[in-house]
1. Could you check how many residues of the range 30-42 are open to solvent by less than 90 Å² (accessible area, probe 1.4 Å) and either assigned to a helix (DSSP H, G or I) or within 25 Å of GLU55 (Cα to Cα) (or both)?
2. Examine the range 93-105 for a residue that is in a loop (DSSP other than H, G, I, E, B), out of contact with any strand residue (DSSP E or B) (no Cβ under 8 Å at 6 or more places or on another chain), touching a residue at least 24 places away in the same chain (Cβ under 8 Å) and under 24 Å from LYS16 (Cβ atoms), and state whether such a residue exists.
3. Here is a check on your reading of the model: is ALA104 among the aliphatic types (A, V, I, L, M), under 19 Å from the mean Cα position of the chain (by Cα), at pLDDT below 90 and under 23 Å from LEU1 (Cβ atoms)?
4. Here are GLU46, GLU24: which of them is open to solvent by 80 Å² or more (accessible area, probe 1.4 Å), touching a residue at least 24 places away in the same chain (Cβ under 8 Å) and outside any loop (DSSP other than H, G, I, E, B)?
5. Checking the conditions here, which among GLU109, GLU76 is charged (D, E, K, R), in contact with a helix residue (DSSP H, G or I) (Cβ under 8 Å, 6 or more places away or on another chain) and either open to solvent by 100 Å² or more (accessible area, probe 1.4 Å) or under 30 Å from SER12 (Cα atoms) (or both)?
6. Which residues, counting only those in the range 2-55, are more than 21 Å from the chain's Cα centre (by Cα) and at positive phi?
7. Just need a number here: residues in the range 49-67 that are of a type in the set (Ser, Thr, Tyr) and touching a residue at least 24 places away in the same chain (Cβ under 8 Å).
8. Among the residues of the range 57-76, write down those that are part of a loop (DSSP other than H, G, I, E, B) and modelled with pLDDT of 80 or more.
Amino acid sequence: LPYLSPNPPPFSPTAKLTRERLDEINVNSSGFLWPEEVKLLEQVLELNQESLAFEDVDRGTLKESYFSSYIIPTKEHTPWVFKNISIPPGICQAVIEVLKLKIAAGVYEHSQ
């Protein structure tokens with residue numbers, strides 16, 4: 001584990017953990033923590049910033065070696081409906097952009 005200083009320095013922004021993103025986390029919204037505790041938490045976040053994901057492409061996945069593969073049992077059948085689900089034309093481009101972002105991040109994968 002990285003060393004934590006008993007007197008943490010003030011927060012210094014990095015390329016991934018900026019002041020705006022730290023404000024999004026809203027560390028001490030209720031005012032429960034002392035200022036030194038807030039600085040310590042900011043230091044912990046800064047030291048472990050590679051584990052934070054602010055965008056889908058930063059998300060990543062767990063190694064496949066951590067879990068065994070799972071198989072979903074199915075039965076042979078004839079589908080009731082063959083038609084695709086239609087997307088309203090007004091939001092079609094927005095849906096396509098969301099799908100492209102999810103595919104790039106590895107959340108979705110291509111299928112039939």
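The values are calculated or read from the model by the stated rules, or taken from the named source; none is laboratory data. Please read all numbers here as calculations on a predicted model, not as lab measurements. Cβ coordinates were reconstructed from backbone atoms using ideal geometry, including for glycine residues, and neighbour counts include every protein chain displayed. Side chains are part of the model used for accessible areas, which takes the heavy atoms of the whole protein and leaves out ligands, DNA and RNA. Shrake-Rupley method; radii C 1.70, N 1.55, O 1.52, S 1.80 Å.
1. Matching residues across the range 30-42 total 6.
2. For the range 93-105, residues in a loop (DSSP other than H, G, I, E, B), out of contact with any strand residue (DSSP E or B) (no Cβ under 8 Å at 6 or more places or on another chain), touching a residue at least 24 places away in the same chain (Cβ under 8 Å) and under 24 Å from LYS16 (Cβ atoms): absent.
3. Against the criterion (among the aliphatic types (A, V, I, L, M), under 19 Å from the mean Cα position of the chain (by Cα), at pLDDT below 90 and under 23 Å from LEU1 (Cβ atoms)), ALA104 does not qualify.
4. GLU24
5. GLU109
6. The answer is GLY31, and nothing else.
7. 1
8. PHE67, SER68, ILE71, ILE72, PRO73, THR74, LYS75, GLU76, listed by residue number.
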